[in-house]
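Below is one structure, written out as structure tokens; comments come after it.
Bear in mind that the values in this text are calculations on the coordinates, not laboratory data. Quantities reported herein were computed from a predicted structural model and do not represent experimental measurements. So basically every Cβ, Gly included, is an ideal-geometry build from the backbone, and we count neighbours across all protein chains shown.
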Amino acid sequence: GQQLNQSPQSMFIQEGEDVSMNCTSSSIFNTWLWYKQDPGEGPVLLIALYKAGELTSNGRLTAQFGITRKDSFLNISASIPSDVGIYFCAGPGAGDYKLSFGAGTTVTVRA
Amino acid sequence: GAVVSQHPSWVICKSGTSVKIECRSLDFQATTMFWYRQFPKQSLMLMATSNEGSKATYEQGVEKDKFLINHASLTLSTLTVTSAHPEDSSFYICSARVGTLYNSPLHFGNGTRLTVT
């Protein structure tokens, strides 16, 4: 699979704050996916992006597909305690049916 | 939305025994399912691609004789960890795509926590 660099690795945020995380790849991606994983559970799809420049929202979440097709970011606005978890970016490289995953961003919210 | 069901959610077994994990697509058919392994505080690592009606494709470094995969129907794939050892203890997660497009998102099961004593 492709190599994805996700940052930050972890973050402590205050409830109500906006947070941002991003993912970069060394090669072009045709699709960017963002997942959230709660402890002891499987990842749940948050947002799927299919076009360079695409900006998509899902409630308080917003994600963008970078123009270069080598990066994507995820924003969480007005964070709440249930936003705690690990967020993964993922995507199949061009012509690849397998998903590559970033290392994950662990979000902890301080009440 | 698409639902993938995985069973059991956790299992404890003795060293040397075999454990079977089931992955079902509940509301769609999946010709391909994927098995991942996740160690604590790490990302998901693809182990193998399960193909309905044919042999699974294993990633480099994954022993096919140790991790037996069977995809006998369009809604069921099984992973059997044979002769389990403590180092096989991990979180195993299956996933499947709705449709056949290579870039359709994967939907994941809830994972199986395997502990080998």
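Tabulated results
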quantity	calculated
Unit charges at the beta carbon, dipole of the protein assembly as shown: most positive-side option, A:75, B:116, A:32	B:116
Inter-label distance, nm, simple model (7 Å from Cα along the C-beta direction), residue B:54/residue A:54	2.8 nm
Proximal aspartates and glutamates to residue A:98, defined as alpha-carbon separation beneath 15 angstrom and excluding residues fewer than eight positions away on the same chain	B:59
Fraction of beta bridges assigned by DSSP in chain B that are antiparallel (%, nearest 5)	90 percent
Compactness of chain A as Cα Rg over 2.2 N^0.38 Å, two decimals	1.01
Distance in nm between pseudo-label sites at residue A:14 and residue B:3 (7 Å out along the Cβ direction from Cα)	4.2 nm
Lysines whose Cα lies under 18 Å from that of residue A:51, excluding same-chain neighbours fewer than 8 positions away	A:70
Once the Cα gyration tensor of the protein assembly as shown is diagonalised, semi-axes √(5λ) in Å	30, 21, 15
Rounded, prolate or oblate (a/c below 1.5 giving rounded, otherwise prolate when a/b exceeds b/c) for the range B:1-73 by Cα gyration tensor	rounded
Set of lysines near residue B:14 by C-alpha distance (under 24 Å), chain-local residues within fewer than 8 positions excluded	B:64, B:66
